[in-house]
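Enquirer: Sending over a structure as structure tokens; questions will come in a sec.
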Amino acid sequence: MRLACDLHIHSCLSPCGDALMTPNNIVGMAFIKQLDAIAVCDHNCARNLPAIKEVADMMNVVLLPGMELTTREEAHMLCYFRTVEECVAFGEKVYAHLPPIPNREKFFGRQQVMNAQDEEIAVEDRLLISALDLGFEECERLIHEAGGLCVPAHINRGSNGVLNALGFLPANARYDALEISKKVIMPPVDLGHHRLLESSDAHYLENMLEPVFFVEADARSADALFDAIAGYST
Ligand SMILES: [Zn+2]
Ligand SMILES: [Zn+2]
């Protein structure tokens, strides 16, 4: 079956995510837009996923748990997991590699952890958009070791895309797919056999994708979506 997906959305936990990107608003918008599946990928942190999963289950929207890592080279890399628990555990592992730079809320924005009622239950005070002390290929290895999928984010974008950050796509890392940004031109780079994902990278509700990108999966579930993407580039 064809699942309408938007697999790169930020919540209000990301400092750059709008305050209206709450669990209920994100899932509600996905429901209104008739998306089958979403992935909320906050920067270097998965702490809003339990609440988003609870709301997504209630509204029958599939949540593929994910995060967006910032590698040492300032390249962004998406990772996806089968379960929220696996993703949260990986998030805790990654947190140990995040420099202890405090967030300047007035400048970067508040990093809110929410419950399923859209109430703030904690504020993350370490700046989440900092680069991890892990290189690009190291991040790829850790994601796969933890059982996740590795998808370099908006590879063609000038800021934080791997093609700009490194100048090339490292050939000795393994990618389950590549994300391209439709907003900028794709340079003439050989992407090999990799399949491409298109997502919104929405930081505001109105920027979430319409049902324009589809993944063929065996069922309407996070597991089936995970398997479909895992099979993309093999
Ligand atoms: Zn990014
Ligand atoms: Zn992003």
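Enquirer: Highest mean first, how do 166-179, 44-57 rank when packing is the count of other Cβ atoms within 10 Å averaged over residues?
Expert: Numbers: 166-179: 16.7, 44-57: 23.3.
Ranking the peptides 166-179, 44-57 by packing returns 44-57, 166-179.
Enquirer: Take the Cα pairs of segment 81-140, get the Kirkwood Rh, then feed it into Stokes-Einstein at 20 °C and 1.002 mPa s and tell me D in µm²/s. Display every interim value, and only then the final one.
Expert: Working: Rh = 13.2 Å.
Rounded to a whole number, D works out at 162 µm²/s.
Enquirer: Related question: Report, in debye and to the nearest 20, how large the dipole of segment 27-131 comes out about its Cα centre when Lys and Arg carry +1 and Asp and Glu carry -1 on their Cβ.
Expert: Charge dipole, segment 27-131, about its Cα centre: 220 debye, nearest 20.
Enquirer: Rg to Rh for segment 1-57: what is it, with Cα atoms only and Rh by Kirkwood?
Expert: Details: Rg = 10.9 Å, Rh = 11.4 Å.
Across segment 1-57, the Cα-based Rg/Rh ratio is 0.95.
Enquirer: So which of K106/K182; K33/K106; K53/K93; K33/K93 end up more than 29 Å apart by C-alpha?
Expert: On the way: K106/K182 31 Å; K33/K106 32 Å; K53/K93 21 Å; K33/K93 34 Å.
The answer is K106/K182; K33/K106; K33/K93.
Enquirer: Compactness ratio of segment 140-234: Cα Rg over 2.2 N^0.38 Å, N = residue count? Mind showing how you got there, number by number?
Expert: Numbers: Rg = 13.9 Å, N = 95, 2.2 N^0.38 = 12.4 Å.
In units of the 2.2 N^0.38 Å rule of thumb, it is 1.12.
Enquirer: Which helices count as membrane-span-like in the chain under these terms: full DSSP H, at least 18 Å along the axis by C-alpha, Kyte-Doolittle mean of 0.0 or more?
Expert: Details: long enough: none.
Long hydrophobic helices here: none detected.
Enquirer: Using Cα-only point scatterers and the Debye equation, what is log10 of I(q)/I(0) for the chain at each q in 0.10, 0.13 Å⁻¹, rounded to two decimals?
Expert: Relative scattering, expressed as log10 I(q)/I(0), comes to -0.40, -0.69.
Bear in mind these aren't lab numbers, they're just calculated from the coordinates by the rules spelled out. No experiment lies behind these values; they were computed from the predicted model shown. Ideal geometry is used to build each Cβ from the backbone, glycine not excepted, and the neighbour counts take in all protein chains shown.
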